[in-house]
Amino acid sequence: MAASKNLIPATWIAIIIYAVGLTGFLVPELQQMVVGLTPVNILFAIFLALIFHKKWDAPFVFAGLMIALCGWLLEVAGVHSGLIFGSYKYGKTLGYSVLEVPLILGANWFMLVYFTRSVASGWFKDPAIVSVVAAAMMTGFDFLLEPVAMRFDFWSWKGNVIPLQNYVAWFIASLLIHYAYLKTVKISPNPMAGRLLFLQAVFFAVLYFWVRAQG
């Protein structure tokens, strides 16, 4: 009951944070300061969601760390080979990098996997279906994010062209990670994770159309 009561103020806090952040991205005078806080926003979203996580145990913590590590290593392989997602490189916006990949990317992989699994597992029960739906959600999220990422120096693509290969690789990698996660760790849907995923989708959808309109 207490968690349900806390869900409402937590949701409003998230709405305010994302509204302020969106304003900062859209107003030129505020962009440099607000865009630079992107890694902080990722950590904030994870923290806020995990407040409402119901079952903390060793398998959950270990799986979360492994998702973060595998996601980051996948990005390292992708950046250095160009064979997974295509030819791309990271900019300065996402903060400190090791092997040319920002460390926050590991946290971002965990966040997206946790959020999309929470939503998909609330709709379906079969692990295969949940994995497909969650992977499709992650790929759709990446579709909205790509032009925004290029505009604000999250990362850049060779020739400024986002290859179809990127989306195919995102779906396959997400699908495999989700299926392994579902088979090894049992968690209940987290309502805050779903709300944060929705807010992030709205945030990047607005920026997506804004960037497209800018040309």
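Things to note:
- By the count of neighbouring beta-carbon atoms within 10 Å, fewest first, MET137, MET33 end up ordered MET33, MET137.
- Charge dipole (the chain, unit charges on Cβ, about Cα centre) - positive-most of GLY78, LEU145, PHE62: PHE62
- Unit charges at the beta carbon, dipole of the chain: most positive-side option, LEU48, GLN165, VAL206: LEU48
- Stretching PHE124 away from ALA205 to a fully extended chain increases their span by 26.6 nm, per 0.36 nm per residue minus the current alpha-carbon distance.
- Between segment 172-215 and segment 69-84, the Cα center-to-center distance that results, in Å: 20
- Computed about its Cα centre, the charge dipole of the chain is approximately 440 debye, with only Lys, Arg, Asp and Glu carrying charge at their Cβ.
- Residue-count net charge about LEU182 - beta-carbon cut-off 13 Å; Lys, Arg +1, Asp, Glu -1: +3
- Which of HIS178, HIS80, HIS53 has the fewest Cβ neighbours within 10 Å, and the rest in rising order: HIS80, HIS53, HIS178
- Shown is the FRET efficiency for LYS54 and SER87, computed with R0 = 41 Å from the Cβ-Cβ distance and rounded to the nearest 0.05: 0.45.
- Within the chain, longest stretch free of exposed chymotrypsin sites (Phe, Trp or Tyr not before Pro) [DSSP loop, at most 12 other beta carbons within 10 Å]: 97-215
- When the P(r) of the chain is calculated, the portion above 21 Å amounts to 54% of the C-alpha pairs.
- Summing Lys and Arg as +1 and Asp and Glu as -1 over all other residues whose Cβ lies under 13 Å from the Cβ of ALA63 gives a net charge of +3.
- Coupling constants for segment 131-140 follow from the phi torsions by the Karplus curve (6.51 cos²θ - 1.76 cosθ + 1.60, θ = phi - 60°), and in residue order they are 5, 5, 5, 5, 5, 5, 5, 5, 5, x Hz; glycine and proline get x.
- Taking the chain as the region of interest, the number of lysine pairs whose Cα atoms are within less than 28 Å, with members eight or more places apart or on different chains, is 14.
Read-outs throughout are calculated quantities, based only on the coordinates presented, and are distinct from any laboratory measurement. Computed from a predicted model, the values in this text were never measured in an experiment. Because the Cβ atoms are built from the backbone with ideal geometry, glycine has one as well, and the counts that use them run over all protein chains shown.
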